[in-house]
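S.K.: Next up is a structure, given as structure tokens.
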């Protein structure tokens, strides 16, 4: 993996993060909110190889830690997304190629975003954060999974196309 690809993909993730913070987070969804950034990051992590899922998991988590609305310790999202990237890299062969099965891919992205939010909640509890009530947090995770299931099919072809553009010539071969 080249440094150019790491920088370009990190810039793409940063642009999606800015879109999330300025536009998507301001929309009042019924039930609870939707995180376009987490969905995009899960799509990118699932399409990467072993090294890429770890590197982009960490980089994506560090970008999430920049959120002005985050009341968590700096680095908590980086830890969670690196953990998710590690899970993707270890299970790379069983994840398979989801591009041929888009419905399974969307379900996988929904479940992995729910797992990331649940891991964030568990790590926050271990760090001594007051995360609110259990039912409120579970309803937030469920609603985010529902909105992810509804919106990811719209953005999935665009994210895959942008990822292919971010590959270097050597990686495309």
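S.K.: Against the longest alpha carbon principal axis of the chain, how many degrees, from 0 to 90 and to the nearest 10, is the axis of helix 50-64 turned?
M.R.: 40
S.K.: Could you let me know the centre-to-centre spacing of the stretch 134-173 and the stretch 35-110, using Cα atoms, in angstrom?
M.R.: 9
S.K.: Given the convex hull over the Cα atoms of the stretch 99-173, what projected area results after averaging over all orientations, in nm²?
M.R.: Mean shadow area of the hull around the Cα atoms is 6.8 nm².
S.K.: Using alpha-carbon pairs under 8 Å, 6+ residues apart, how would you state the relative contact order of the chain in percent?
M.R.: 28
S.K.: How far is helix 76-90 tilted, in degrees, relative to the longest principal axis of the Cα atoms in the chain, given as a value from 0 to 90 rounded to the nearest 10?
M.R.: Helix 76-90 and the main axis of the chain meet at about 50 degrees.
S.K.: Given an 8 Å cut-off on Cα distances and at least 6 residues of separation, report the relative contact order of the stretch 1-96 as a percent.
M.R.: Details: 97 pairs, mean separation 25.9, N = 96.
Averaging sequence separation for qualifying contacts and normalising by length gives 27 percent for the stretch 1-96.
S.K.: Please sort 20-30, 108-118 by packing, taking for each peptide the average over its residues of neighbouring beta carbons within 10 angstrom, highest first.
M.R.: Values: 20-30: 11.9, 108-118: 20.5.
Highest mean packing first, the order is 108-118, 20-30.
S.K.: Let me know the Kirkwood hydrodynamic radius for the chain, please, with Cα pairs as the basis and the value in Å to one decimal. Provide the component values of the computation, followed by the final result.
M.R.: Details: mean 1/r = 0.0611 Å⁻¹.
This gives a value of 16.4 Å.
S.K.: Right, next: Angle check, please: helix 102-126 long axis (alpha carbons) against the longest principal axis of the chain (alpha carbons), in degrees 0 to 90, nearest 10.
M.R.: 50
S.K.: So, one more: Which residue fluctuates most in the GNM of the chain (Cα springs below 10 Å): 75, 52, 128?
M.R.: Among 75, 52, 128, the largest mean-square fluctuation in the Gaussian network model of the chain belongs to 128.
S.K.: Peptides 76-85, 142-151: what's the order by average Cβ count within 10 Å, highest mean first? Let's see the in-between values first.
M.R.: On the way: 76-85: 22.8, 142-151: 18.2.
My ranking of the peptides, most packed first, is 76-85, 142-151.
Computed from the coordinates by the stated procedures, all read-outs in this text should not be read as laboratory data. Bear in mind the structure is a predicted one, so any value in this text is a computation, not a measurement. Using ideal geometry, Cβ is built from the backbone for each residue, glycine included, and neighbour counts are taken over all protein chains shown.
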